[in-house]
Each structure stands twice: as C-alpha cells, then as structure tokens.
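So the structure is just underneath, and the comments pick up after that.
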Amino acid sequence: MKKISLLILLLISFKEFSFSQKINSSYRLNIEKTAEPMIIDGVMDELTWENADVATDFFMITPMDTSYSQVRTDVRMSYDDKHIYMIVINYHAVEGPYMVESLRRDFNFGKNDNFIFFMDPFEDQFNGFSFGANAAGAQWDGIMFDGGRIDLSWDNKWVSKVKNHEDKWVFEAAIPFKSIRYKPGIKEWGINFSRMDLKTTEKSGWAPVPRQFPSASLAYTGVLVWDEPPPHAGPNISLIPYGLGGISQNRAAGEQDNYRRSLGFDAKVGLGTALNLDLTVNPDFSQVEVDRQITNLDRFELFFPERRQFFLENGDLFGNFGYETVRPFFSRRIGLNAPIQAGARLSGKINKDWRVGAMTMQTGAVEKDNLDPQNFSVFTLQRRVFARSTIGAIVVNRQAGLFAPSIDSNNPSLSGYDRNVGVEFNLASSNNLWTGKTFILKSFNPLQKGNGIAYASNLRYVSGNLYWNWQHEYVSENYTAEVGYVPRTGFYKAHPSIGYLFFPKSKKILSHGPEINTKWFFDTKMNQTDNESYLLYKMRFRSQSNLAVWAAHDYIKLLQPFDPTNFSGDTLATGTEHRWYSWGSEFTSKPQSIFTYAISSRMGGYYAEGERYNVSGEVGYRFQPYFSMTLSANYNEIHLPEPWGVTTFWLVGPRLDLTLTNTFFVTAFMQYNEQINNINLNTRLQWRFKPASDIFLVFTDNYLPAPFLAKDRSVVLKFTYWWNI
C-alpha cells in the first residue's frame, strides 16, 4: 500500500507540473469605483451602470458545452469604500412564468431559475465565496472550498433585490467588504457567473466550464479587474448577542417542567482582510433544524453534517482533513453530551499561499453522567503548492479538565486525553481533470494498546466521457479519534471505480453510460471481510430528469455480533459469512414541474440468506413562491429466519414550507420512524428582521406512536442581533 501511495504521489506531481496556467484568464471584467450613492432596488437607473463594463455572451454548460447560451444574461459590477455592487439582467428566451420552489434562503440550485456568482478573492482557485438569488428574490450565500464545493450553511450580512418584468428579471445586490475575506493589495480576483434557466433547461456561465464539472469550479473562473486595489474594510468587529427563553418537559421520565433562560454572544473580529477571529461565550444552537432521520440498517455509526454557524467559516480547514470515514476531527463531537461554555477560533489566509486554523472549545461537566469538563483544541496549517494543490498538517487534542477540575479525579469518565497528528497532500490540477489526496494520521491515547496509524490515498480522473478513481485506505486496530469520525478500525480497503458517459445527438437524452464500482475490505492480516460490487447504468434527460438502474453483489464476514434489523436485539454470530445479490432503480422527475417526484427501489438478498425489499420516494407540490409541501416515505421489508421472521419499517416525513416573504419563514415537518418507535414534530418560525438578525420560535415534540402519548416536548424563543461596530 505504501508503494502505491508513493506511485500516486509521483503521478500527482507530474500532472501538477503539466497543467499550471489559469485556463480562462482571457475572460476579464473591469470594475470601477462609483462616486454616487447606490440604491439596491432592482432598477438600473444609476449613471454608474450606464458606464460599467458588461459581462455578456454567456457560454452554455448544459445540455451542451460547445456553443453560446440561447439565454442572454448581462452583468455589471461596481464598488465604493464599503460595498461591492452588482446588477444582473436575466432575459427570458421562452415565454412563460419563472420557476422557483419558494422564497427560502439557500434554495436548491437545480430546481429554481437563478443567478449565482462565484468569487475567488485570493486568485488561488481553491477558496472563495458564492452569492446569488432565484427569480423570486430568495437569497443564496455560501463559503467555497476544495476548488468548487459550497457550504450553504454559512450565512452573512448583505442585501439584494429582485424585480420581475415580462421579458426579464433583474437582480441587484450590495455585499459589504466586511462580509468577505480577501487579500489586500491585489487588483485581480477570480470570478464567474452562472445562470440556470429551467424553461430552456440551460445552465450557462460567463467564463466557459466543461459540462462534466460544476459551474462553481474555481479552476474555470475569469478575472475581475479592479481599477485600483479594493479598499481596506476598516475595523471589522461584529457582536452577535442572543437571548433565549423556553420550557421543556420529559414526560417519559416523569420530570417536571424545566424553564430555560440563557444569554450569550458570538463575536467576529477581522484581523486584516483575510483572517478572522471567532469568539463564543455560552453558545446555544436551539434554532438549528433537527437532523433528518433515516432507517439505520448499517453496522457502523451514521454521519450527520455540522449545521452550527460558529463552526462553518473556513470549516474545510478543520473538517475536510482525511476522508469521509477517516476524519481526525469532526466538530459535532464538541458539545454532543455536555454544554459548551466558551470557545475561540482563528481561521483564514496569512497570504496567498498559506492558510491557518486554530480552535479551542471548553465544555462543562455533566455530573449525572459523571462526565468531566473537556477541552477540545485543533491546529491546522495549509500551504498551496503548484497550481491548485495543497499540503496540510493538523493536530487535534481532547483533554479532560485543562481549564476546569475533574468531577472525581479517582474516577475519570473518559481517558485523560486523545490526540491526533497528521499530514496530507491534496491534488487539484489547473484544469481539474486530475484530483486526489494522500494522508497519514497517528493517534495518541493513554488507553491505546498499540500503534495507532491511518493512511490513505486516491487519484481521480474526469474527462468529458471517461472518469475513474482509485482509492485505498488503512486504519490500524488501535487507531483512535475520539474527536473525529472513524466508524471502523482494523482494516485495509481498496476501492476502484470507472465509468463512461455517451453524449448522443438526441432531443431527449443528454447523456447515458455505465459505471463499475467495487470495495474490498481486509483485516490487518489481509483476510477478506467485505466486498461490495455494483454495476450502474445512468441516464440524464434534457428535461433534467434522471434514471439509474443497478445490480450489486455483497459479501460480509461479521467481525462482531450484529442484529440485521438494528431493532430486535437478536444477533448473528461473529465470524459468520453472508453473500447476496440485489438490484434496483432510481428515477427523479424534471424540476420544472409544479408537481415533482422521485422514487427508488431495491430488492434481493440480505444477511442469513434472507431477503430485503425497499421502496422509497418523495413527492412535492408548490404554490410558488409562497408555499411548498413534500412527503417522503421509506418502506423496508426484511425476511429472515427465526428468531427474526418478517420485519417491516416505515419512515414517513411530510414537510411544509411557508415563505410569505424572503425574510419570514415557517417550516413544519413530522418524522415517523417505526424502527425507533418515535414520532417527531418540529415547527420553526424565523423572522429575519434585519440582515443576519433573527427571531426564532421553535416547537419540538416527540411521541410514542401507539398509544399517541407525548414523550417530551419543548418550546424555545430566541433572539439574535448582528451588530457591526
């Protein structure tokens, strides 16, 4: 495995030197400073706009990437000492109303007529910011990482306005310099503009992007040329206090009403234009939506993404180290079973090539669980190399006590500490055809009985038609990552995949093609324990609907007892071997319809020569742009020998979204999970009375399905205010 890793590194280095020129450097948009007040009203009546340079003649990305777009889009930009300004004229190519889901912030890109732009203010083709809106005025904003991925959980302070006309819709925005990070003194930023028009099913971009890549790919940005270096944002300090009141009751435990009153604050301190210091005291995240439940038939821990705002900016520095199932740091471990008392987080750019991240968080003791206070600290450093690649290092530490005494020094509830150190190399060629990663991690824990090591590598190639990936991993039996996400240890893994896409000259089919994917797992003595292999054939239609059919073979040798229903408590024995075949299909309807649906099915074998049948689907209907409703359902039927017999699970989740304006939202959803015998009801009202300032009212109830009795319930009223000093 180590020889393979070295070979991959050599291939990576060769390819990096082969592609070093920025591809779309000839696409340039000039931005000049305005001397007049700019009013964000969606009307192009300022003199500034008459004299501004225009980005137009967009290129089609899909369904084809070989011609100009049929839909005309004109973009103009300007700035003053405090804001970047933009106005966009989105012309119609086909008569008829625009298509949107709702007025909800951070909408689904593929289900809305929208305009979005991507900024690379360091011109490193790796990190940036994204802003935009749909045709009804709902805002979109996110932080960009890994050269083209976007975290939409990130919100910041900016204003925009959309106006609709018979032949066009107009988007105008003002983005404060204080809301973004950028390198001082440079006059060229990477930038691209993307337009989705569902009536023509066209996705287009100003600087051309090959259709196999997302329009957000920073490798394909053009250049925003400033008439002079952007101004310094000035003192950049934001205080975000909150106040909270609520009541909760655990009826299942027979507890009395528990009244909550809490105050706390976050602070953002800009250290220059590229570094940010985040501080938090007594934070509360009760406004965050509850996780979407799934039927769990897996042998290992499930992953749920981070949603808390404090951890999101530059979150890739901390949370993207390693792979999805080999993460030395996972921020949701912090505050999982104990209250966070305070924390600090420094992150951002030191210069064009260096990024740094440092965080420390202190949690309090939980006496009823005999849980000591804990300190969680992370330090990470990243250096850009070659065109778009990086070398990074990370240190993760969980320490009992540190800033507070333990509950009982003679009876610690956890090991005294758990530490991880690691280095990694991320490949991203300048044309994005080659990507990959290699890393090594080592853990330290006083209860660790041997060497704790993990290392892995992958190399991926994506062209217009052919794509393939090779990935392998090793995690030793003694590796620990108590602040990470490593659901499985003691294995070698090999994971090759290859696929090919055909692009026919068809009026109905955009692309189709096969994919072969297989995963082999071995224990540390190289005895095979798992294999999952599947053949997939997928088809994408010009209407934007998708169809896929697949067949798979599974082999599993259990390394510990396992209940194949994750429900009954009866288990299969360690060492038993299980093989089966299965097949299935998936279909997603076109997003232009008012009524949308998706359905998937699976049938075939299961553990202990059993059978498993699964059907899941989602239907949605919208009264655009104010109201939408969806109903998702998942049904599993498992046939096993005794003592299990036939087991069935329903998971049903209706959801209602009411968006009266783009500042007032009501979300209500129910989750009925038969596997855990629970009904969860959650209703959240949000009023954004000023940019980034909100009032939340959240109701949460959990019930026993039969009889329909409340297990616990809570009501929380929370007020947050974003105050720029």
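Screening region 632-643 for residues that are in contact (Cβ under 8 Å) with a residue 60 or more places away in the chain and touching a Phe, Trp or Tyr at 6+ places or on another chain (Cβ under 9 Å) and picking the one that is nearest to residue 602 (Cα to Cα) gives 636. Restricting 652, 666 to those that are free of Cβ contacts under 8 Å to residues at least 24 places away in the same chain, touching a strand residue (DSSP E or B) at 6+ places or on another chain (Cβ under 9 Å) and closer than 24 Å to residue 242 by Cβ reduces the list to 666.
Exactly one residue among 432, 458 is surrounded by 18 or more Cβ atoms within 10 Å (Cβ to Cβ) and out of contact with any strand residue (DSSP E or B) (no Cβ under 7 Å at 6 or more places or on another chain), and that residue is 432.
Condition check ((1) in contact with a Phe, Trp or Tyr (Cβ under 8 Å, 6 or more places away or on another chain); (2) under 22 Å from residue 145 (Cβ atoms)) across all residues:
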| site | (1), (2) |
| --- | --- |
| 224 | yes, yes |
| 235 | no, no |
| 266 | yes, yes |
| 278 | yes, yes |
| 283 | yes, no |
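Per the listing 199, 183, 268, 187, the residue uniquely more than 28 Å from residue 718 (Cα to Cα), out of contact with any helix residue (DSSP H, G or I) (no Cβ under 7 Å at 6 or more places or on another chain), surrounded by 17 or more Cβ atoms within 10 Å (Cβ to Cβ) and not β-branched (Val, Ile, Thr) is 183.
Report every pair of residues separated by at least 6 positions or lying on different chains whose Cβ atoms are under 6 Å apart, first residue within region 509-528 and touching a residue at least 24 places away in the same chain (Cβ under 8 Å) and among the basic types (Lys, Arg), second assigned to a strand (DSSP E or B) and surrounded by 17 or more Cβ atoms within 10 Å (Cβ to Cβ). If the second residue must be assigned to a strand (DSSP E or B) and surrounded by 17 or more Cβ atoms within 10 Å (Cβ to Cβ), the pairs left are 519/495. All conditions in (1) in contact with a strand residue (DSSP E or B) (Cβ under 7 Å, 6 or more places away or on another chain); (2) small (Gly, Ala, Ser); (3) on the phi < 0 side of the Ramachandran plot hold for residue 604, with the sole exception of (3). Taking each residue of region 219-242 that is under 30 Å from residue 693 (Cα atoms) and part of a loop (DSSP other than H, G, I, E, B) and looking for partners that are of a type in the set (A, V, I, L, M, F, W, C) and modelled with pLDDT under 90 with beta-carbon atoms closer than 8 Å, six or more apart or interchain, yields 235/725. In region 567-582, the condition of being buried (at least 17 other Cβ atoms within 10 Å of the Cβ), touching a residue at least 40 places away in the same chain (Cβ under 8 Å) and either among the hydrophobic types (A, V, I, L, M, F, W, C) or not assigned by TED's automatic domain parsing to the domain that holds residue 100 (or both) is met by at least one residue. The requirement of being free of Cβ contacts under 8 Å to residues at least 24 places away in the same chain, assigned to a strand (DSSP E or B) and touching a strand residue (DSSP E or B) at 6+ places or on another chain (Cβ under 7 Å) is satisfied by residue 360.
Residue-wise test of (1) within 25 Å of the chain's Cα centre (by Cα); (2) modelled with pLDDT under 95.
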| residue | (1), (2) |
| --- | --- |
| 609 | no, no |
| 616 | yes, no |
| 620 | yes, yes |
| 647 | no, no |
| 653 | yes, yes |
| 656 | yes, yes |
| 660 | no, yes |
| 663 | yes, yes |
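For residue 273, are the conditions met, namely being among the β-branched types (Val, Ile, Thr), within 15 Å of residue 310 (Cβ to Cβ) and surrounded by 18 or more Cβ atoms within 10 Å (Cβ to Cβ)? In short, no. Could you please find all residues in region 550-564 being at pLDDT 95 or above and surrounded by 15 or more Cβ atoms within 10 Å (Cβ to Cβ)? 550, 552, 553, 554, 555, 556, 557, 558, 562, 563, 564, listed by residue number. If you go through region 307-356 and pick out every residue that is under 24 Å from residue 425 (Cα atoms) and either of a type in the set (A, V, I, L, M, F, W, C) or part of a loop (DSSP other than H, G, I, E, B) (or both), you end up with 22.
The lone criterion from (1) within 22 Å of residue 25 (Cβ to Cβ); (2) free of Cβ contacts under 8 Å to residues at least 60 places away in the same chain; (3) charged (D, E, K, R) left unmet by residue 120 is number (2). For region 439-451, the count of residues that are surrounded by fewer than 17 Cβ atoms within 10 Å (Cβ to Cβ) and of a type in the set (S, T, N, Q) is at least one. Residues that are surrounded by fewer than 17 Cβ atoms within 10 Å (Cβ to Cβ) and modelled with pLDDT of 95 or more were ranked within region 503-518; the one that is nearest to residue 328 (Cα to Cα) is 518. Can you confirm whether region 307-326 contains a residue that is modelled with pLDDT of 90 or more and among the basic types (Lys, Arg)? No, the conditions are met nowhere in region 307-326. Can you pull out the residues in region 70-98 that are in contact (Cβ under 8 Å) with a residue 60 or more places away in the chain, crowded, with 17+ Cβ neighbours inside 10 Å, in a strand (DSSP E or B) and hydroxyl-bearing (Ser, Thr, Tyr)? Residues satisfying the conditions are 73, 79, 85. Only one entry of 133, 138 meets the criterion of being at pLDDT 95 or above, under 20 Å from the mean Cα position of the chain (by Cα) and buried (at least 19 other Cβ atoms within 10 Å of the Cβ), and that entry is 133. Restricting to region 442-491, name every residue that is of a type in the set (Lys, Arg) and either over 28 Å from residue 398 (Cβ atoms) or in the same structural domain as residue 538 (by TED's automatic domain parsing) (or both). Residue satisfying the conditions is 460 alone. Within the option set 492, 537, 467, 500, being in contact with a strand residue (DSSP E or B) (Cβ under 7 Å, 6 or more places away or on another chain), modelled with pLDDT of 95 or more and more than 30 Å from residue 601 (Cα to Cα) holds for one residue only, 492. Pairs are defined by a Cβ separation below 6 Å, a sequence spacing of at least 6 or placement on different chains, a first member in region 279-299 that is under 20 Å from residue 264 (Cα atoms) and exposed (fewer than 15 other Cβ atoms within 10 Å of the Cβ), and a second member that is of a type in the set (Lys, Arg) and at pLDDT below 90; the pairs so defined are 285/308.
The set of residues in region 40-63 being polar (S, T, N, Q) and either farther than 23 Å from residue 158 by Cα or outside the structural domain of residue 110 (by TED's automatic domain parsing) (or both) consists of 51, 56, 62. Selection over region 41-69 of residues that are assigned to a loop (DSSP other than H, G, I, E, B) and over 30 Å from the mean Cα position of the chain (by Cα) gives a count of 13. Do you know which of the residues in region 42-56 that are of a type in the set (Asp, Glu) and surrounded by fewer than 13 Cβ atoms within 10 Å (Cβ to Cβ) is farthest from residue 170 (Cα to Cα)? By that ranking, first place goes to 50. Does residue 98 fit the bill of being of a type in the set (Ser, Thr, Tyr) and at pLDDT 95 or above? No; evaluated as a whole, the condition is false for this residue.
The values are calculated or read from the model by the stated rules, or taken from the named source; none is laboratory data. Note that the structure is predicted; figures quoted are calculated from it, not measured. Neighbour counts run over all protein chains shown; Cβ positions are idealised from the backbone, glycine included.
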